[in-house]
Amino acid sequence: MTEDRTDVPYQPGSQWYDHEAGPLVRPYAMTGGRTKPGPTGVRFDLIALVSLDPGAPNLDDDAVLGPEHRALIDLCRIEMQSVAELAAGADLPVGVVRVLLGDLLELGCVTVSRPVPPAQLPDERILREVIAGLRAL
């Protein structure tokens, strides 16, 4: 038997955030209190691209994964996505997504392509010269 909460008035300190949202789950509950992505020391930039690892273990039978892990895996099945896109798609804080991605990386479920550091990008002057040369053709 389920209890209908629509007739219960809001009480300060109650477990209900509001009647439509249902119970509020704190981010630390999703990560087990962890704030850093695993012992690997990996730092997930917002623009780092995440994809499923083709050699990943069978993800359907894994009892280690929680619903939030599975949501991230489902988003990565569609296409490669950035950390920021995953956070928006899963409707989770970026800090939580980083911790969960650390778990998935350690399990060998995902691969991460890190963004190119600005020092390794071509010089803007060279790019402008290339554009000018192409326009001259």
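Numbers at a glance
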{"item": "Residue list for the stretch 96-137, filter: part of a helix (DSSP H, G or I) and crowded, with 17+ Cβ neighbours inside 10 Å", "result": "VAL96, VAL97, ARG98, VAL99, LEU100, LEU101, GLY102, ASP103, LEU104, LEU105"}
{"item": "Which numbered condition ALA29 misses (of (1) touching a Lys or Arg at 6+ places or on another chain (Cβ under 9 Å); (2) at pLDDT below 85; (3) assigned to a helix (DSSP H, G or I))", "result": "(1)"}
{"item": "Positions within the stretch 95-137 being among the β-branched types (Val, Ile, Thr) and closer than 21 Å to VAL64 by Cα, in sequence order", "result": "VAL96, VAL97, VAL99, VAL110, THR111, VAL112"}
{"item": "Residue ID - nearest to the chain's Cα centre (by Cα), chosen from residues in the stretch 81-136 that are modelled with pLDDT of 85 or more and among the basic types (Lys, Arg)", "result": "ARG98"}
{"item": "The stretch 50-71 residues that are closer than 11 Å to CYS109 by Cα, paired with ones that are modelled with pLDDT of 80 or more and small (Gly, Ala, Ser) (beta carbon under 9 Å, 6 or more apart)", "result": "VAL50/SER82; VAL50/SER113; SER51/SER113; ASP53/GLY108; GLY55/GLY108; ALA56/GLY108; PRO57/GLY108"}
{"item": "Given (1) more than 16 Å from ILE47 (Cβ to Cβ); (2) surrounded by 15 or more Cβ atoms within 10 Å (Cβ to Cβ); (3) among the acidic types (Asp, Glu), number of the condition ASP74 does not satisfy", "result": "(2)"}
{"item": "Residue within the stretch 105-122 that is among the aliphatic types (A, V, I, L, M), in contact with a Gly (Cβ under 9 Å, 6 or more places away or on another chain) and on the phi < 0 side of the Ramachandran plot present", "result": "yes"}
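The values are calculated or read from the model by the stated rules, or taken from the named source; none is laboratory data. No experiment lies behind these values; they were computed from the predicted model shown. Don't worry about glycine lacking a Cβ; one is built from the backbone with ideal geometry, like all the others, and counts go over all protein chains shown.
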